Structure formats: structure tokens, C-alpha cells
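**Student:** Take this structure first; my questions come after.
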Amino acid sequence: MSILVGTNVSKSFGAFDLFSNLNFSVAHGDKIALVGANGCGKTTLLTIIGGSQEANIGGGVTFARGITRGFLAQAAEESNENTVWQEMQSAFTDLNALAHQLQQLEHEMADLAQPDKAEKALERYGPLQHDFEMKGGYNVDARIKRVLSGLSFKESQMHRPLSKLSGGQRVRAALARLLLQSPDVLLLDEPTNHLDTQGIEWLESYLQEWEGTLMIVSHDRYFLDEVCEQVWEMGRHGDGLSYLESYRGGYTDYVAQRTARRERALKEFDAQQEKIAKEAEYIRRNMAGQNTSIAKGKLKRLNRLERLEKPLEQRAMSLRLNSGPRSGNIVLETTNVEIGYRGGERKETTDDGRRRRISRRPSSIVRRLLSLSSPFLICNCCAPSARPSSAPTARARPRFLKPFWKRWRR
């Protein structure tokens, strides 16, 4: 039974049609990998299914009653003041409400001054406690620790505020919270981007046991092979129309089936082109002869014939890296060279009262390597302070060396 159905799903940004008239259905327990070229709309389709965006008027996605959804975005969302552990506990909304009710009943049962109220509280306490236990309320802390540890969170990081975490750590925290929530439909956009090898392997095993519906966008073909049982290929035909084709099996099975489908489609296209050429030749020869009626009939049928589209060529990356001649053991040697900005020093008083200079040059080096700014190399022999006293009084302009990436480009 389908739990979500997409009918004529389209999405446009201004005059640009990203995709149009996509139709699909997803059953409970399906584990689907969504693949395709960059920019074809995989993430946009996930956000439409997840409810973060709306499809164009005239189409959309409908869900079965009571279906819950969870969506993991590639980028980290804005953090709040909760710690990682508190954020994980907020995933158990129903259990937290039950725990609060149990605490209130415990207070009422402890009130000996009102025995009737305590007796009623005791009658309500038993069924609520049983419900709380059956839903795993007493195992919440163990589940949280298991998921956080599996996603490579250290013990010291579990009680750190989200605002103190990096973007990748916040994405992992959001993934952990979704796994603990256990929605009926889990939508993951590049879930392995911020995981190490152990984290990826743990996530693979966890999602293999996932009982709900799963849709994943990922470039990790090995991860998709281990987790997914169905592959949706998303793309565009030569005429610009979008398509969504389904394949059974993992990513490796998808590649083999796609190749077989393309070869079969190419044979059908070639056979049709050969037939069209023969019919056109017959019509050309007999249109003005004795077989005019037959030629006209063939022409009508040929005009009504639905033309097959030639399968697009699967473009492969052509990459060639040529190695240059081997350099010597000393790659770079400098003498009296400074890296950084003039005036990039500050003075600070130490604990014993002495003054010391602190240079900012290491950060400049890092910025230079990351190309975040444009620091320069200054030869001390050319700097104003290194010139002899006989030099002109006008301010001498230091000689800037070419940035290393411009020299390497040649």
C-alpha cells in the first residue's frame, strides 16, 4: 500500500523549469536512492516531499493519514542554546509528556492528606507506567548514547551546547535526532558528508534495520549499495523534459540495468529509423506512379507514427593528470623572508611583568594557503627598512613576489 503519491509534480524558478510532471508512489518500507546529475533537482524533490517547499500549482504530493516525515538538509540549521543531549531528549515528545504525567501522579500518591486522590492516582499510574515502559521510556538514555556514539560523538561532546559545535557536528546532531524520532518517512540529503569511516559503517547497519520508508540522496555508491533496495534516476531528455525512472536493487544493479535499458532502447531506435527510411523511399518512388494510393496510405501511417527518442550518451569524465619532472630534495629555500602584513604585531604583558611581541603571521600563512586573503611575500633586502642610508628619502615601494598559485599555473 502506498503511503505517499506524487502526481504531476513540477517545480520552476522563474522562467526555468527544473522538472515537470513527475509521477511516483512510495510504499511502506521502501528504501530508495535518488540519483542523477548535479542540478537536476534531487534535493528540491526531497524538500517538496519533506514539506519545506511547495510544488507548482497543478501537482503535488499526497500522504496517507497520520504519516510523519523527517528531512535532513546538507547544511546545518541555526543552533539553539540546548546541549547535544538536551536536543536528543527533545526528540521523544510523547515519552516526555508521559514522564511528566507519571511524576505528577507520583506526587499525588505521596500526598497522605488526601487518600481518595492518592487512590485514584494509583489507578491511573499503572496503565500509564505500562504504556511508558512498552514505548521504551526507560531506555531513552541508552538509545541516545548509542546513536551519538555511532555517529562519532565523543563523551565530552554530548553535553556541549549546539552553538559551540562546528557545522558538520550540528548536521550529525540533526541526523541523530531524526534517527531517534523514527519518522514514518525519513529523507536524507547527503547523510555521509560529515561522517568518518566508522560512522558511515554504523549508519549503514542502523538503516539496514530501519522499518520505515527511506529516501536518500548520496554520491557514496557503496553506501547506497548497502542500504537501498530501489534506485530512482532523475534527469532530462534531449527535449528538456524531465524523467524519473525506477530500478530494482542497489546502485550496482542500477548501473547494469541502466546499461541494458539503454542498449535495448538504442536498438529499437535504430530499427525504427531503418523502417522510416524504407517507407520514405517507397513513398518517394511510388507517389506519382501506379501505386499512388498505397504510397499515400503509407505516408499517413508514417505521419502518425510516434517517433522514438535516441538515448542520450552517458558522458564520462575524462581526466588526465601529468606529473612533472621530479624536484630536488629541497623544494623551497628562503633567506630573510617575511610572510604576512606590515604592522601585524601586537604587544602583551606577561605574568611576570615583561613585555613581549606576539606576531599574527601564522594566521596570515593559513589564510594564504586557504586563499582567503591576498598576503604577499616581502624580501627584506628590498623592504624600506633594509635600504642603505644613501637611499632616497621618498618612501620606497617593496617588491611583491607573484602569488605562488599564479606561478604554478604556467
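The values are calculated or read from the model by the stated rules, or taken from the named source; none is laboratory data. In this text the structure is predicted, and so the values were computed from the model without any measurement. Virtual Cβ from ideal backbone geometry, glycine too; neighbours counted across all protein chains shown. Remember, those area values only see protein heavy atoms, side chains included, never the ligands or the DNA or RNA. Shrake-Rupley method; radii C 1.70, N 1.55, O 1.52, S 1.80 Å.
**Student:** Mind checking the alpha-carbon convex hull of segment 1-148 and giving the volume per residue in Å³?
**Tutor:** Here the figure is 199 Å³ per residue.
**Student:** Let me ask something additional. Could you pull the Rg and Dmax for segment 76-124, using just the Cα atoms, both in Å?
**Tutor:** 16.6, 52
**Student:** Take the Cβ-Cβ distance between residue 323 and residue 255 as r, set R0 to 22 Å, and report the resulting FRET efficiency rounded to the nearest 0.05. Spell out each step's value before the answer.
**Tutor:** Details: r = 31 Å, r/R0 = 1.40.
It comes to 0.10.
**Student:** Where does the charge balance sit around residue 156 when Lys and Arg score +1, Asp and Glu -1, over other residues with C-beta under 14 Å from its C-beta?
**Tutor:** For residues surrounding residue 156, the net value is +3.
**Student:** Continuing with this model, one more query. Can you classify segment 166-232 as rounded, prolate or oblate using the Cα gyration tensor, where a ≥ b ≥ c are the square roots of its eigenvalues, rounded means a/c under 1.5, and otherwise it's prolate if a/b beats b/c and oblate if not?
**Tutor:** Oblate, because a/c is 1.5 or more while a/b does not exceed b/c.
**Student:** Arranged from highest to lowest average of other beta-carbon atoms within 10 Å per residue, in what order do the peptides 180-192, 78-90, 280-292, 97-109 appear?
**Tutor:** The packing order, highest mean first, is 180-192, 78-90, 97-109, 280-292.
**Student:** May I pose another question? Assigning unit charges at the beta carbon (Lys, Arg +1; Asp, Glu -1) and nothing else, what dipole magnitude in debye, to the nearest 20, does segment 226-343 show about its Cα centre?
**Tutor:** 980
**Student:** So, one more: With the other protein chains left in place, how much accessible area per residue, in square angstrom, belongs to segment 228-341 at a 1.4 angstrom probe?
**Tutor:** Spelled out: the 1.4 Å probe surface of segment 228-341, per residue, equals 80 Å².
**Student:** For segment 27-91, what is the accessible area per residue in Å² when the probe is 1.4 Å? Before the final figure, lay out the partial values.
**Tutor:** Working: 3360 Å² over 65 residues.
Averaged over the residues of segment 27-91, the accessible area is 52 Å².
**Student:** Now for a different question. Have a look at the DSSP beta bridges in segment 1-96 and tell me what percent are antiparallel, nearest 5.
**Tutor:** Details: 12 of 12 bridges.
Counting DSSP beta bridges with both partners in segment 1-96, the antiparallel share is about 100 percent.
**Student:** Measure of size requested: the Rg and Dmax of segment 216-302, with Cα atoms as the atom set and Å as the unit; please supply both.
**Tutor:** For segment 216-302, the Cα-based Rg and Dmax read 21.4, 67 Å.
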